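First comes the structure, then the notes that go with it.
The values are calculated or read from the model by the stated rules, or taken from the named source; none is laboratory data. Fair warning: this is a prediction, and the values are worked out from it, not measured in the lab. All Cβ positions, even for glycine, are placed from backbone atoms using ideal geometry, and neighbour counts span all protein chains on display.
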Amino acid sequence: MAVTLRDVTIREGTQMPGRNYDVESRIAAGRALDRLGVDAVQAGFPAVGETDREAIRRLAGDDDLDADVVGIARATTGDVAAALDAEADVIEVFVPTSDRHLEHVLGTDREAALSMAGEALDRAREGGAGVHLTLVDGFRTDPDHLADVFDAFPAVPTITVADTVGARTPDRVRDHVEDLLDRGVDGDRLGVHFHDDLGVATANTLAAAGAGATTADVSVAALGERAGNAALERVVVADAVDGDGAVAVDRESLLPACRAVLNALDESVDPRTPVLGEAVTTHESGIHTAAMLRDPGTFEPFDPATFGGERRLVFGAGSGRGSARALLERAGVDPTDDRVSRLLDLLAERGPLDAEAATALAAETF
């Protein structure tokens, strides 16, 4: 069963301190995400201001864009009106469902909250928009109450259960999703949204999908408030490497698209960031490079080329005799002990060199 991705990078990213993405940046990021093949791009919160509305309006009006352009809205007529003014393809209404959030965020009871959500959804549909419903703090809400929401809004195609504060771990997520399905919730309508406060948002997303959820919110490089969200690129790669291969995007476009999004938003990642970081596919250890010259998969979990990236084997002072011997063999040179020692001295002197340059050095020297 395919799992569709709804990207929240732009909207979640703007909630990080000091961020203020302009219209052009959001448009460039949205187009890059569309090329990747995500199902929807959440481009802003229209009630916040004109920048959000204009970015949504221009993306939604782009005939070359296949993804739905989403504007989020609280369960109020004013928020929905702002999203309709922005001409969003889909208006995603969000409403709290946990006891704690109902009391301290919304200040009302569950019945009133659902009534507010129903009015907002009706207003969005009357205005010609598609609708989506997100249940805030849904993973800390009794499954009985969540099932009641699905029953109350049968015409809403996707209802997302959110781990709003990143409080859940994979086993609890799996149980929660299975519990909902046991109560008659249709997995085809079930979406999930995770935050990374405990460092397991990607794992939670995979657990939810494995248990039967079919839509997942993701964010490039986990950009988002606090510790961020489930990282789009990690979800895709993990699903391809050790999952069911159910995530429906263009894998070969993954890394170029994610980097284009980061460039558009003027964001960067640490070199050791999983999947996207430069260090992740760069290898210098002598034991590793010696083996990887013969079979790269010996010391890597995935071929970067599968996702539009490339690996770098680096040779220099840290290279060992095995690496030098493999380089000589690759250059068509008999790897005698003397040649191995001489090449190691040259690598220490001239390195670090990539595999092509190091092989050329071996060929030219001997």
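Among the residues making up region 221-235, those that are closer than 17 Å to Arg272 by Cβ and either hydroxyl-bearing (Ser, Thr, Tyr) or part of a helix (DSSP H, G or I) (or both) are Ala221, Ala222, Glu233, Arg234. Taking the criterion of being among the aliphatic types (A, V, I, L, M) and not in a helix (DSSP H, G or I), the residues of region 96-150 that qualify are Ala129, Val131, Leu133, Leu135, Val136.
Against the criterion of being among the charged types (D, E, K, R), under 25 Å from Asp197 (Cβ atoms) and surrounded by fewer than 24 Cβ atoms within 10 Å (Cβ to Cβ), Arg19 qualifies. Could you tell me which residue of region 46-78 is surrounded by the fewest Cβ atoms within 10 Å (Cβ to Cβ), considering only residues that are touching a strand residue (DSSP E or B) at 6+ places or on another chain (Cβ under 6 Å) and over 27 Å from Thr214 (Cα atoms)? So the residue we want is Asp52.
Filtered by the rule that a residue be surrounded by fewer than 22 Cβ atoms within 10 Å (Cβ to Cβ) and either under 19 Å from Val161 (Cα atoms) or not assigned by TED's automatic domain parsing to the domain that holds Ile56 (or both), region 114-130 gives Leu114, Ser115, Met116, Gly118, Gly130. Tallying residues that are of a type in the set (D, E, K, R) and over 16 Å from Leu181 (Cα atoms) within region 136-165 yields 3. Can you tell me how many residues in region 297-314 are buried (at least 20 other Cβ atoms within 10 Å of the Cβ), in contact with a Ser or Thr (Cβ under 8 Å, 6 or more places away or on another chain) and at pLDDT 90 or above? Number satisfying all stated conditions: 1.
Filtered by the rule that a residue be assigned to a loop (DSSP other than H, G, I, E, B) and either within 46 Å of the chain's Cα centre (by Cα) or modelled with pLDDT of 90 or more (or both), region 349-366 gives Gly351, Pro352.
Residue by residue, here is whether (1) within 24 Å of Val237 (Cα to Cα); (2) in contact (Cβ under 8 Å) with a residue 12 or more places away in the chain; (3) in the same structural domain as Cys258 (by TED's automatic domain parsing); (4) among the charged types (D, E, K, R) holds:
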residue: Ala317; (1), (2), (3), (4): no, yes, no, no
residue: Gly322; (1), (2), (3), (4): no, yes, no, no
residue: Arg325; (1), (2), (3), (4): no, yes, no, yes
residue: Val333; (1), (2), (3), (4): no, yes, no, no
residue: Asp337; (1), (2), (3), (4): no, no, no, yes
residue: Leu343; (1), (2), (3), (4): no, yes, no, no
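Scanning region 176-193 for residues that are under 17 Å from Ala216 (Cα atoms) and either acidic (Asp, Glu) or exposed (fewer than 14 other Cβ atoms within 10 Å of the Cβ) (or both) yields a total of 3. Checked against the criterion of being part of a helix (DSSP H, G or I), assigned by TED's automatic domain parsing to the domain that holds Asn204 and over 30 Å from Gly44 (Cβ atoms), region 248-262 has no qualifying residue.
Considering region 1-95, the qualifying helices (runs of 4 or more DSSP H), each wholly inside and each with 2 or more residues that are closer than 19 Å to Asp266 by Cβ and within 15 Å of the chain's Cα centre (by Cα), run over 9-13, 23-36. Does Ala43 meet the test of being buried (at least 24 other Cβ atoms within 10 Å of the Cβ) and among the small types (Gly, Ala, Ser)? The answer is yes for Ala43. Based on what the data block shows, is Val218 assigned to a helix (DSSP H, G or I) and of a type in the set (Val, Ile, Thr)? It is false that Val218 is assigned to a helix (DSSP H, G or I) and of a type in the set (Val, Ile, Thr).
Is it the case that Gly351 is in contact with a helix residue (DSSP H, G or I) (Cβ under 8 Å, 6 or more places away or on another chain), buried (at least 17 other Cβ atoms within 10 Å of the Cβ) and under 30 Å from Gly243 (Cβ atoms)? Judged against the criteria, Gly351 is not a match. Select, from Val247, Val261, Val235, Val269, the only residue that is at pLDDT below 95 and under 30 Å from Val38 (Cα atoms). Result: Val247 is the single residue among Val247, Val261, Val235, Val269 that is at pLDDT below 95 and under 30 Å from Val38 (Cα atoms).
Hey, any hits in region 76-95 for a residue that's at pLDDT 95 or above and over 19 Å from Gly128 (Cα atoms)? The answer is yes; a qualifying residue exists.
Of all residues in region 135-165, those that are surrounded by fewer than 23 Cβ atoms within 10 Å (Cβ to Cβ), out of contact with any Ser or Thr (no Cβ under 9 Å at 6 or more places or on another chain) and closer than 22 Å to Val235 by Cα total 1. Applying the criterion of being among the hydroxyl-bearing types (Ser, Thr, Tyr) and under 41 Å from the mean Cα position of the chain (by Cα) to the residues of region 315-348, the residue that is surrounded by the most Cβ atoms within 10 Å (Cβ to Cβ) is Ser323.
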